[in-house]
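A short worksheet on the structure shown next.
What follows draws every value from the coordinates through simple rules; no lab data is involved. Values in this document were obtained by computation on a predicted structure and should not be read as measured data. Neighbour counts run over all protein chains shown; Cβ positions are idealised from the backbone, glycine included.
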Amino acid sequence: MSKIKKGRIIRGVVSGIESYGAFVSCDDYYTGLIHISEISHGYVRDINDFVKVGDLIYVEVLDVDEELGHLKLSIKNIEYKKKIAIKRKKIKETPLGFKTLEYKLPIWIEESLKRIKSN
């Protein structure tokens, strides 16, 4: 069980929507409710305009009930649907291509065999 603290922004999946709010599953233990008043600063006619069941969203933790594993959540002061860009390292191709590997592989094998024999 992870310890979720008040004031943190965490990820969760919208697991249900009712007229009074949206339920969010945060992990195996914690579930929470985003009350309709915590959806937006403006009037919320329909919660489905903001989130859908199955959406992966970010939520701000307003209160934690450790005993029951319930959270009071909010999305009105955060970017709840922001996408996190995963930085991927670009592979730079050398002009030699696999020739470098072909050259280095016997050297690496030799070094590994020497290491194994010395241990």
Query raised in the report: Assigning unit charges at the beta carbon (Lys, Arg +1; Asp, Glu -1) and nothing else, what dipole magnitude in debye, to the nearest 20, does segment 9-74 show about its Cα centre?
Result: 280
Report task. Can you tell me which of 74-81, 55-62 comes out highest on packing, and rank the rest after it, using the mean Cβ neighbours within 10 Å? Result -> 55-62, 74-81
Report summary line: Phi-derived 3J(HN,Hα) across segment 50-62 with the Karplus relation (6.51, -1.76, 1.60, θ = phi - 60°), rounded Hz, x for Gly and Pro, is 10, 9, 10, 4, x, 5, 8, 10, 9, 9, 9, 7, 8
**Report entry** Rounded to the nearest 20 debye, dipole of the chain from Cβ charges on Lys, Arg, Asp, Glu
**Finding:** 1060
Query raised in the report: By DSSP, what percent of the beta bridges with both residues in the chain are antiparallel, rounded to the nearest 5?
Result: 85
Query raised in the report: Roughly what would the spin-label model give for residue 98 and residue 116, points 7 Å off Cα along C-beta, in nm?
Result: 2.3
Query raised in the report: Highest mean first, what order results for 67-73, 107-113, 5-11, 28-34 on Cβ atoms within 10 Å?
Result: 28-34, 67-73, 5-11, 107-113
Report task. Give me the compactness ratio for segment 9-74, meaning the Cα radius of gyration over 2.2 N^0.38 Å. Result -> 1.02
**Report entry** Degrees separating the helix 99-118 axis from the principal Cα axis of the chain, which is the longest one
**Finding:** 80
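Over its Cα atoms, what ratio of radius of gyration to 2.2 N^0.38 Å does the chain give? Could the numbers behind the result be given before it?
Working: Rg = 24.9 Å, N = 119, 2.2 N^0.38 = 13.5 Å.
Against the compact-globule rule of thumb, the ratio is 1.84.
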